[in-house]
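Below is one structure, written out as structure tokens, with a few remarks after it.
The numbers here are math on the coordinates, done by the rules we state, and not lab data. Given the structure is predicted, the values throughout are model-derived calculations rather than measurements. Cβ: placed from backbone, ideal geometry, glycine included. Neighbour counts: every protein chain shown.
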Amino acid sequence: MPDHRRSGVRSHTMRIGILGTGMMATTLGGAWVRAGHDVLVGGRDQAAAAAAAARIGAAGHGTLTDGAAHGDLVLVALPADVAPEVVRGLAGTLTGRTVIDCTNPIVPTDDGLMLTTGGTTSISRRMADAAPGAHVVKAFNLCHESIWTLPRPTFEGAPLAVPFCGDDPGSLDQVTALITSMGCTPVPCGGLSRAVYIEATAAFAIGVWWSGAETRFAFPTPAQAPLNL
Ligand SMILES: NC(=O)c1ccc[n+]([C@@H]2O[C@H](COP(=O)([O-])OP(=O)(O)OC[C@H]3O[C@@H](n4cnc5c(N)ncnc54)[C@H](OP(=O)(O)O)[C@@H]3O)[C@@H](O)[C@H]2O)c1
């Protein structure tokens, strides 16, 4: 029998398990249900998991282990400070699966938002170390939860760009197909060592938004300027 978990880019239904029952679980999960995927919400509280699954029209709900076992892809939608240890406890079940890390290890300080990792490692790396057989991909951490409630999010005429990074080519293909199925544009950013930058980008950008400014106006492409040097 072919291993359906390792079949690369596909446009058909994906099986996605979600760890967590909160805002990212339900907004991203809802977007994936709308895109036609087979989603199961797994949580430590079964009443919360049932309510979250019902809210988004997911195919089912269950425990965290059920969520890990359901998916070709498994979203970790938990607080960053507990996510690697939860993943460690599920390491056997997660072996061979694509684990999507949307966590942001950030805390407010007197000096603005700071990374709890110190910026020298990433939560994605800690997850990968905790579950060496899993294929961790950093993705979906740069937007506020509300963005995922928009059908096919488009801004200024362009589909939402979703940066992601990871080491396993098959998992990167799966995440590419997943992002595309949501009507968004995949932006591959390299190997899992880049997760430290994607996490730092969230800390920086959210801090700018909180100040009332717009990060998007700080990053025009060079192609937008005539090179009259
Ligand atoms: N919200 C956003 O806009 C946003 C955007 C980008 C990234 N993120 C990141 O996404 C992750 C999830 O955020 P969220 O807003 O969805 O949080 P949330 O609404 O607070 O949900 C967190 C979930 O984690 C569960 N949980 C907490 N501690 C746990 C533990 N020790 N074991 C098992 N489950 C546990 C909670 O279960 P209980 O209800 O039982 O406590 C809840 O289901 C965070 O890392 C966050 O930084 C959030």
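Cysteines in the chain lacking any other cysteine Cβ under 4.7 Å from their own Cβ: Cys102, Cys143, Cys184.
Cα convex hull, the range 173-214: 86 Å³ per residue, rounded to a whole number.
Counting other beta carbons within 10 Å of each residue's own, what order do Val136, Val86 fall into, fewest first? Starting with the residue having the fewest Cβ neighbours, the order is Val86, Val136. What is the log10 of I(q)/I(0) for the range 13-214, computed with the Debye formula using one identical point scatterer on each Cα and no solvent, at q = 0.12 Å⁻¹? Taking Cα atoms of the range 13-214 as identical point scatterers yields -0.54. Of the DSSP beta bridges with both residues in the chain, give the percent that are antiparallel, rounding to the nearest 5. If we restrict to bridges inside the chain, about 25 percent are antiparallel.
Excluding Gly60 itself, calculate the net charge of residues whose Cβ lies under 14 Å from the Cβ of Gly60, where each Lys or Arg counts +1 and each Asp or Glu counts -1. Taking every Cβ under 14 Å from that of Gly60, the sum is 0.
Show that you can apply the helix-only estimate: for the chain, add -39,500 (n - 2.57) for every DSSP H stretch of four or more residues, divide by all residues, and state [θ] at 222 nm to the nearest 500. It would help to have the intermediate numbers written out before the result.
Numbers: 8 runs with 78 residues, N = 229.
One gets -10000 deg cm²/dmol as the mean residue ellipticity at 222 nm.
Between the helical axis of 195-210 and the dominant principal axis of the chain, each derived from Cα atoms, what acute angle in degrees is found, rounded to the nearest 10? For 195-210 against the chain, the angle is about 60 degrees.
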